[in-house]
Amino acid sequence: MNKKWLSLSVDIDNPHQNIISSYFDYYTIGNQFNEKNMIMYFSVDDKNKVEDILNTITQKHNINYRWENVEFENWMDNWRDSFKPIKIDNKVMIIPDWDEGLYNVDYVIKICPAMAFGTGHHESTQLVINQMLRLDMNNYNSLLDLGTGSGILSILAKKMGIEKVTAIDIDDVCEENFYQNCILSNVSDIKIKIQDVHSYKDYNYDIILANIDKNNIIKILNKYQNSKTSALMILAGILDTDLDEIKNVMHSCSIENVEKEGEWISIVVKNKDYKNDK
């Protein structure tokens, strides 16, 4: 594959990186975080949209940034130096495909860090995993993963015993990497559909995951409420300062649980019209 992408390198201290990177969540296809710098990766087609966001941010924040071209084959070399295994709640390990270590946890997810968003390092992914671990998955049979990226959450759902797992992502770059990660993690029978999450109409699942960004979550919430589904929904990719805005769009669903890590939160919601006894 000779396709080129773009990297956006931003000089900013670690405590502020997640806030700045959240502005770009809809467009990024990968992130790297270092102590004084972060690198975000984008499709060439999205550069103008990202530039518009940068213009807005630089009016509020004093940041320096620079663009570079990225060859696909250099992606793995970039990640190999920075990807470290991640342990979540002493039950889940997310490791790169070159890691041959043995881990005494319930679930090991092995991924190839490729041109797809999601390595498990971001707080929002870890928050969703914590919410999933709180549930008794023996009571659930189906799960919909909106904005799956590299498939970490779908893979975990399958490992936790969910029979039917459907993953949705708009970026066709994800597809090959998604199935590769399924093979690496020894799971099968997961389907990924390449389409806009907002065009997917079937919400007839036991659990719905949406780890995206605030604006898309608001659209998904409206669809979720209008669909009258009995699904339990886990939302993430939300800053704690956005919680009130999320609450304001809830007219027929209630918040069951809120988890916080750093400046990020995840929310579990359900439709009020349904009694979920699971």
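The values are calculated or read from the model by the stated rules, or taken from the named source; none is laboratory data. As the structure is a prediction and not an experimental result, all values here were calculated from the model. Virtual Cβ from ideal backbone geometry, glycine too; neighbours counted across all protein chains shown. Heads up: the accessible areas ignore ligands, DNA and RNA and are worked out on the full protein's heavy atoms, side chains in. Shrake-Rupley method; radii C 1.70, N 1.55, O 1.52, S 1.80 Å.
Among the residues of the range 259-273, the ones that are open to solvent by 10 Å² or more (accessible area, probe 1.4 Å) and modelled with pLDDT under 90 come to 5 in all. Only one of the listed residues (Ile12, Ile57, Ile19) is buried (at least 19 other Cβ atoms within 10 Å of the Cβ), over 21 Å from Pro113 (Cα atoms) and at pLDDT 75 or above. That residue is Ile12. All of Ile162, Ile152, Ile129 fail the test of being crowded, with 19+ Cβ neighbours inside 10 Å, over 28 Å from Leu239 (Cβ atoms) and among the aliphatic types (A, V, I, L, M), apart from Ile162.
Scanning the range 252-264 for residues that are assigned to a strand (DSSP E or B), of a type in the set (Asp, Glu) and in contact with a strand residue (DSSP E or B) (Cβ under 9 Å, 6 or more places away or on another chain) yields a count of 2.
The condition of being at pLDDT 80 or above, closer than 23 Å to Ser124 by Cα and open to solvent by 30 Å² or more (accessible area, probe 1.4 Å) holds for only one of Lys49, Lys87, that being Lys87.
Restricting attention to the range 106-118 and to residues that are assigned to a loop (DSSP other than H, G, I, E, B) and modelled with pLDDT of 75 or more, the residue that is nearest to the chain's Cα centre (by Cα) turns out to be Pro113.
At pLDDT below 90 and part of a loop (DSSP other than H, G, I, E, B) - does that describe any residue in the range 140-163? Yes, that holds for at least one residue.
Just the residues that are loosely packed, with under 13 Cβ neighbours inside 10 Å and in a loop (DSSP other than H, G, I, E, B), please, taken from the range 219-251. Lys228, His251, listed by residue number. Would you check if there is a residue in the range 211-218 being within 12 Å of Leu146 (Cα to Cα), touching a strand residue (DSSP E or B) at 6+ places or on another chain (Cβ under 6 Å), open to solvent by less than 20 Å² (accessible area, probe 1.4 Å) and assigned to a helix (DSSP H, G or I)? Yes, the range 211-218 has at least one match. Out of Ile265, Ile168, one residue alone is in contact (Cβ under 8 Å) with a residue 40 or more places away in the chain and under 28 Å from Ile19 (Cβ atoms). It is Ile265.
Taking the criterion of being β-branched (Val, Ile, Thr), surrounded by 19 or more Cβ atoms within 10 Å (Cβ to Cβ) and not in a strand (DSSP E or B), the residues of the range 165-210 that qualify are Val173, Val197. Can you pull out every residue in the range 183-203 that is within 26 Å of Met93 (Cβ to Cβ), out of contact with any helix residue (DSSP H, G or I) (no Cβ under 6 Å at 6 or more places or on another chain) and either of a type in the set (A, V, I, L, M, F, W, C) or touching a residue at least 40 places away in the same chain (Cβ under 8 Å) (or both)? Within the range 183-203, Ile183, Leu184 qualify.
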